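> Following this message is one structure expressed as structure tokens.
The values are calculated or read from the model by the stated rules, or taken from the named source; none is laboratory data. None of the values given here were measured: they were computed from a predicted structure. Cβ coordinates were reconstructed from backbone atoms using ideal geometry, including for glycine residues, and neighbour counts include every protein chain displayed.
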């Protein structure tokens, strides 16, 4: 936190990442809810302040990571296969909406999404509640496919597609 060469956003993400890796994310939700109801009567000890600030930093970093993820997913393409026996499928997302859906070659890599050049600011401006819902569902489905061991590849731009292992690593943080 004391590094002056990093932006406040980067510092927050680093702190949240550190707390996430230390397992602070696994705190019991009931404990957090109980703390919310007792806050008026709670004595503000240094330990309580530390836990509260850590929780706040962890939640803020998670929200920031999700925002970055959903903004990138706004223009993307996915090729997946549920099982070895099933046919591969392709969906292309443009402006957070499915613009193409159909069968794909089993060994195909996802095509470059058509709106990959859309600036981040333009993606944020076009974001709606419906966009958020669609992209959250897509994220949940990607997590489900990865957990089931399906063959999945996601492309977010001109770079290489995220395959199963890289995608699983990315999804762990959102």
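> Being without any contact (Cβ under 8 Å) to a residue 40 or more places away in the chain, within 11 Å of residue 96 (Cβ to Cβ) and not in a helix (DSSP H, G or I) is the filter here; which residues of segment 111-138 pass it?
128
> Considering segment 99-110 alone, what residues qualify as being surrounded by 12 or more Cβ atoms within 10 Å (Cβ to Cβ) and either assigned to a loop (DSSP other than H, G, I, E, B) or touching a helix residue (DSSP H, G or I) at 6+ places or on another chain (Cβ under 8 Å) (or both)?
106, 108, 109, 110, listed by residue number.
> Quick one: is residue 91 farther than 28 Å from residue 21 by Cα and assigned to a strand (DSSP E or B)?
For residue 91, the condition - farther than 28 Å from residue 21 by Cα and assigned to a strand (DSSP E or B) - is met.
> Quick check: is even one residue across segment 31-43 surrounded by 11 or more Cβ atoms within 10 Å (Cβ to Cβ), at pLDDT 60 or above and in a helix (DSSP H, G or I)?
The answer is no, given that none of the residues of segment 31-43 is surrounded by 11 or more Cβ atoms within 10 Å (Cβ to Cβ), at pLDDT 60 or above and in a helix (DSSP H, G or I).
> Then there is this: Of the residues that make up segment 5-17, is at least one over 20 Å from the mean Cα position of the chain (by Cα) and either surrounded by 10 or more Cβ atoms within 10 Å (Cβ to Cβ) or modelled with pLDDT under 55 (or both)?
yes
> Kindly indicate whether residue 120 is in contact with a helix residue (DSSP H, G or I) (Cβ under 8 Å, 6 or more places away or on another chain), outside the structural domain of residue 23 (by TED's automatic domain parsing), surrounded by fewer than 17 Cβ atoms within 10 Å (Cβ to Cβ) and under 18 Å from residue 66 (Cα atoms).
Spelling it out, residue 120 is indeed in contact with a helix residue (DSSP H, G or I) (Cβ under 8 Å, 6 or more places away or on another chain), outside the structural domain of residue 23 (by TED's automatic domain parsing), surrounded by fewer than 17 Cβ atoms within 10 Å (Cβ to Cβ) and under 18 Å from residue 66 (Cα atoms).
> For residue 167, are the conditions met, namely being under 17 Å from the mean Cα position of the chain (by Cα), in a helix (DSSP H, G or I) and touching a residue at least 60 places away in the same chain (Cβ under 8 Å)?
Working: under 17 Å from the mean Cα position of the chain (by Cα): yes; in a helix (DSSP H, G or I): yes; touching a residue at least 60 places away in the same chain (Cβ under 8 Å): no.
Considered against the rule, which asks whether it is under 17 Å from the mean Cα position of the chain (by Cα), in a helix (DSSP H, G or I) and touching a residue at least 60 places away in the same chain (Cβ under 8 Å), residue 167 comes out as no.
> Moving to a separate point now. Restricting to segment 140-150, give me the number of residues that are out of contact with any helix residue (DSSP H, G or I) (no Cβ under 7 Å at 6 or more places or on another chain) and either under 11 Å from residue 81 (Cα atoms) or in contact (Cβ under 8 Å) with a residue 24 or more places away in the chain (or both). Give the derivation first.
Our first condition is that a residue be out of contact with any helix residue (DSSP H, G or I) (no Cβ under 7 Å at 6 or more places or on another chain); within segment 140-150, this holds for 140-141, 144-145, 147-150.
Filter once more, so that each one left must be either under 11 Å from residue 81 (Cα atoms) or in contact (Cβ under 8 Å) with a residue 24 or more places away in the chain (or both): 145, 148-150.
Total meeting the criteria: 4.
> In the list 70, 62, which residue meets the criterion of being at pLDDT 95 or above, part of a helix (DSSP H, G or I) and touching a helix residue (DSSP H, G or I) at 6+ places or on another chain (Cβ under 8 Å)?
Among 70, 62, only 70 is at pLDDT 95 or above, part of a helix (DSSP H, G or I) and touching a helix residue (DSSP H, G or I) at 6+ places or on another chain (Cβ under 8 Å).
Here's the yes/no breakdown for (1) out of contact with any helix residue (DSSP H, G or I) (no Cβ under 9 Å at 6 or more places or on another chain); (2) surrounded by fewer than 16 Cβ atoms within 10 Å (Cβ to Cβ); (3) closer than 18 Å to residue 69 by Cα; (4) in the same structural domain as residue 16 (by TED's automatic domain parsing):
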position: 88; (1), (2), (3), (4): yes, no, no, no
position: 112; (1), (2), (3), (4): yes, no, yes, no
position: 115; (1), (2), (3), (4): no, no, yes, no
position: 154; (1), (2), (3), (4): no, no, yes, no
